[in-house]
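Only one structure is covered here, and it is reproduced in the block below.
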Amino acid sequence: MEELKLLSDKLNISLSGDQIDQFKTYYEMLIEKNKVMNLTAITEKNEVILKHFIDSISVAAAYPDFAGLCSKGSSLIDVGTGAGFPGIPLKIAFPTLKVTLLDSLNKRVSFLNEVIDELGLKDVTAIHDRAEDAARKKELRDNFDIAVSRAVAALPVLSEYTLPFVKPKGVFISYKATGAEAELSDSARAIKLLGGGSSRVYSFTLPDSDISRSFVVISKKLPTPKAYPRKAGTAKKSPL
């Protein structure tokens, strides 16, 4: 895991020996479980380090306010977390975060619970549910300081899945590759309807690579109206 230490230092994120060990165990569990279920197409160690671990935590280098949010013990929900990205790397790197991992596939949630237990992570909960249904639950709706998603979906769709979880004055951060400015422009109506406010794109290149990243940061201005999110599948079929 020397590569992880090297690259995290270049992000100005200092990881202790214990944190490096947690990432190492996470990697080993990911690769082992990937033999029996589809968690990731990326399996080579340094590729996982760069494209999953470093990619997940690089938001702290790209978005200047992120570390400050984490230092307050903020609550964070990762919507469509899959194998735990970016939620688990963010929790390891910023231990004071209170993290909720949301995924629609029960097998993945079972894996996440194994990781949480093995790594000894505190204040982390994995939930099996669809975003559209989970966002209707009182204990989750308009409740989080930060929502993140690395899920592959158009920003108007992701916004409907994710903004309902964010409390007013909180933020939704969408991890994107390219074309984020155009997507944000196309999302203006959806963001307003969902209670969103100001928005900005932070661009970044992962260290020692040519991989470009964009982080779309959308502030939450008002509680999301009761009409949203619409029933499961509607956001994708008919984006706002």
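The numbers here are math on the coordinates, done by the rules we state, and not lab data. The model shown is predicted, which means the values in this text are computed figures rather than measured ones. Heads up, the Cβs are rebuilt from the backbone with ideal geometry, glycines too, and the neighbour counts pull from every protein chain shown.
Positive-end ranking of S174, P225, A190 along the dipole of the chain, with charges on Cβ about the Cα centre, is headed by P225. Projecting the Cα atoms of Y202, G120, V79 onto the dipole axis of the stretch 62-237, where Lys and Arg carry +1 and Asp and Glu carry -1 at the beta carbon, places V79 farthest toward the positive end.
Modelled this way, with points 7 Å down the Cα-to-C-beta line, the labels at M37 and R200 are 3.9 nm from one another.
Can you tell me how much longer the chain between D129 and N113 gets when fully stretched, taken as 0.36 nm per residue apart minus their C-alpha distance, in nm with one decimal?
Values: separation 16, 0.36 × 16 = 5.76 nm, distance 1.45 nm.
Stretched fully, the D129-N113 segment lengthens by 4.3 nm.
Taking other C-beta atoms within 10 Å as the exposure proxy, R141, R230 rank R230, R141 from fewest upward. What residue among F111, F144, F165 has the largest mean-square fluctuation in a Gaussian network model of the chain, using Cα springs under 10 Å? Result for the chain, Cα springs under 10 Å: F111 fluctuates most.
What does the highest-first list of 170-178, 125-133 look like by mean Cβ count within 10 Å? Write out the running numbers ahead of the final one.
Numbers: 170-178: 21.2, 125-133: 17.8.
Order by mean packing, descending: 170-178, 125-133.
Rounded to the nearest 20 debye, the dipole size of the chain about its Cα centre is 1300 debye, using +1 on the Cβ of Lys and Arg and -1 on the Cβ of Asp and Glu.
Helical runs assigned H by DSSP (4 residues or longer) give the chain a calculated mean residue ellipticity at 222 nm of -10000 deg cm²/dmol, each run adding -39500 (n - 2.57) before division by the residue total.
Given N residues in the chain, what is Rg(Cα) / (2.2 N^0.38 Å)? Before the final figure, lay out the partial values.
Values: Rg = 16.8 Å, N = 240, 2.2 N^0.38 = 17.7 Å.
Normalised Cα radius of gyration, the chain: 0.95.
Could you tell me which of rounded, prolate or oblate describes the stretch 62-106, using a ≥ b ≥ c as the square roots of the eigenvalues of the alpha-carbon gyration tensor, with rounded for a/c under 1.5 and, failing that, prolate when a/b is larger than b/c and oblate otherwise? Write out the running numbers ahead of the final one.
Numbers: a/c = 2.35, a/b = 2.01, b/c = 1.17.
Prolate shape, in that a/c is at least 1.5 and a/b is the bigger ratio.
As a proxy for reagent exposure, ranking D21, D103, D210, D142 by other Cβ atoms within 10 Å from fewest up yields D210, D21, D142, D103.
For K169, neighbours were defined as the other residues whose beta-carbon sits under 13 Å from its Cβ, and their charges (Lys and Arg +1, Asp and Glu -1) total +1. For the residues A227, A153, A135, a GNM of the chain with alpha-carbon springs under 10 Å puts the largest fluctuation on A227. Amide H contacts for A147 (H built 1.01 Å from N in the peptide plane; partners 5 or more residues away or on another chain; cut-off under 5 Å): I77, V171, F172, I173.
Across K167, K226, K45, mean-square fluctuation computed from a Gaussian network of the chain (C-alpha pairs under 10 Å connected) peaks at K226.
Out of the DSSP beta bridges found with both residues in the chain, what percent are antiparallel (nearest 5)? Could you put the intermediate results ahead of the total?
On the way: 14 of 32 bridges.
Percent antiparallel among DSSP bridges in the chain is about 45.
Assuming charge only on the beta carbon of Lys and Arg (+1) and of Asp and Glu (-1), the dipole of the stretch 8-49 about its Cα centre is about 120 debye to the nearest 20.
Work through the residues other than R136 whose Cβ is under 12 Å from its Cβ and net out their charges, Lys, Arg +1 and Asp, Glu -1. Net charge in that neighbourhood comes out at +2.
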